[in-house]
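Down below is the structure, laid out as structure tokens.
The values are calculated or read from the model by the stated rules, or taken from the named source; none is laboratory data. None of these values were measured; they are calculated from a predicted model. Neighbour counts run over all protein chains shown; Cβ positions are idealised from the backbone, glycine included. Note: areas computed on protein heavy atoms with side chains; ligands, DNA, RNA excluded. Shrake-Rupley method; radii C 1.70, N 1.55, O 1.52, S 1.80 Å.
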Amino acid sequence: MKKKKILALIAGVAIMLPLAACGSKAVATTSGGKITESEYYSSMKQTSAGKAVLQQMILNKVLEHQYGKKVSTAAVNKEYKTYKSQYGSSFSSVLSAEGLTTKTFKEQIRSELLLEQAVRDYSDFSNKALKKQWKKYKPKVQTAEITVSSKSTAESLIDKLNNYSGSNKLKYFKKLAKKNSTDTSNKSEGGVVSAFDNTSSSVTSTYKKAAFALKTGEYTTTPVKTSSGSYQIIYMIKHPAKGKMANHISDLKTQIVNTHMNSSTFMKKVISKVLKKGNVSIKDSDLSNILDDYLSSSSSSSSSSSSSSSSSKKSSSSSSSSSSSSSDTDSSSADSSSES
């Protein structure tokens, strides 16, 4: 299984930040002359990478102003420790490979948590929405898995589990995982996978479906095929009872937020609202349209909605077509990117 991914860094942030002055100070010198901050800025702002950096910087400023008090240093440190724990001894090298330091990575985590607060702010937590989520709700489960290259190998390992007569089958399962699993991300831990629920993107929908069908202490008696062609045996370490909805309101709200965080359509709407509320004004005419994808889409979305409502009185098929165009396709791609 794949570990929690390091947040993506927009290339160039560290380089762009010192250029605020945009003066004649040299960024580099050559035998053919010097490259000034102003020249570098003029060149960078024309590139997609440079524009992406500015978009992110603007969003971070606005989010910090609107939600900064809701994200504590303790929350950032807790998330940081989660990543560090999952990557273990390779954490420092992973950060280095991504061009990150402890400080810049924590800054990214803070940005992500600020955005999550915005998503929470614009999410619907009505009783109707909570009941809808409850129908899909699965509590967080703890599993272990063994990944092998062939179905016959998986079946052979399942036979060994079936024939094991000892008192601690989980211990035996972990022993088999350490010896046979091809999944290097958790092999040394006996195949243990980070806890997940029905909204988690750290495991695939296929894995979740097979796991949720198991009770505590059970394992899959037929190999589970992955999209990459390998086979898995899944062991359910702990599968809590679903319980009553009233006891899981906080969990349901978190699941709604997680679902929205994985939806590009919803995220675009939230970012549009956050930016409009932030009264952003672009002072460089060359970059005047840098936020059009968000600000224009928000206003055009509104006018489109009004226009669609008006048209629907004349033609129901027109309204139906407008509605279908806004469907979201993110959830399947999130699943497939996490498979072993």
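Count of the stretch 92-105 residues, restricted to those that are of a type outside the set (Ser, Thr, Tyr) and either open to solvent by less than 60 Å² (accessible area, probe 1.4 Å) or under 13 Å from Glu64 (Cβ atoms) (or both), is 5.
Restricting Lys283, Lys276 to residues that are open to solvent by 60 Å² or more (accessible area, probe 1.4 Å), in a helix (DSSP H, G or I), more than 30 Å from Lys136 (Cα to Cα) and of a type in the set (Lys, Arg) narrows the list to Lys276. Restricting Val203, Val193 to those that are open to solvent by less than 70 Å² (accessible area, probe 1.4 Å), farther than 30 Å from Leu59 by Cα and either part of a helix (DSSP H, G or I) or of a type in the set (A, V, I, L, M) (or both) reduces the list to Val193. Residues being open to solvent by 30 Å² or more (accessible area, probe 1.4 Å) and assigned to a helix (DSSP H, G or I) are entirely absent from the stretch 226-238.
Cβ-Cβ distances below 6 Å connect the following pairs, each with a first residue in the stretch 197-216 that is within 11 Å of Ile234 (Cβ to Cβ), a second residue that is of a type in the set (D, E, K, R), and a separation of six or more residues or different chains: Phe212/Lys138. Ala26 meets the conditions (1) modelled with pLDDT under 95; (2) surrounded by 12 or more Cβ atoms within 10 Å (Cβ to Cβ); (3) under 30 Å from Asn279 (Cβ atoms); (4) among the small types (Gly, Ala, Ser) in every case but one. The failed one is (3).
Counting residues in the stretch 133-145 that are surrounded by fewer than 14 Cβ atoms within 10 Å (Cβ to Cβ), under 26 Å from Val193 (Cβ atoms) and among the aliphatic types (A, V, I, L, M) gives zero. Under the condition of being under 15 Å from the mean Cα position of the chain (by Cα) and crowded, with 16+ Cβ neighbours inside 10 Å, the residues counted in the stretch 239-271 number 12. For the stretch 307-325, does any single residue satisfy the condition of being at pLDDT below 95, in a helix (DSSP H, G or I), out of contact with any helix residue (DSSP H, G or I) (no Cβ under 9 Å at 6 or more places or on another chain) and within 30 Å of Ile58 (Cα to Cα)? There is no residue in the stretch 307-325 that is at pLDDT below 95, in a helix (DSSP H, G or I), out of contact with any helix residue (DSSP H, G or I) (no Cβ under 9 Å at 6 or more places or on another chain) and within 30 Å of Ile58 (Cα to Cα).
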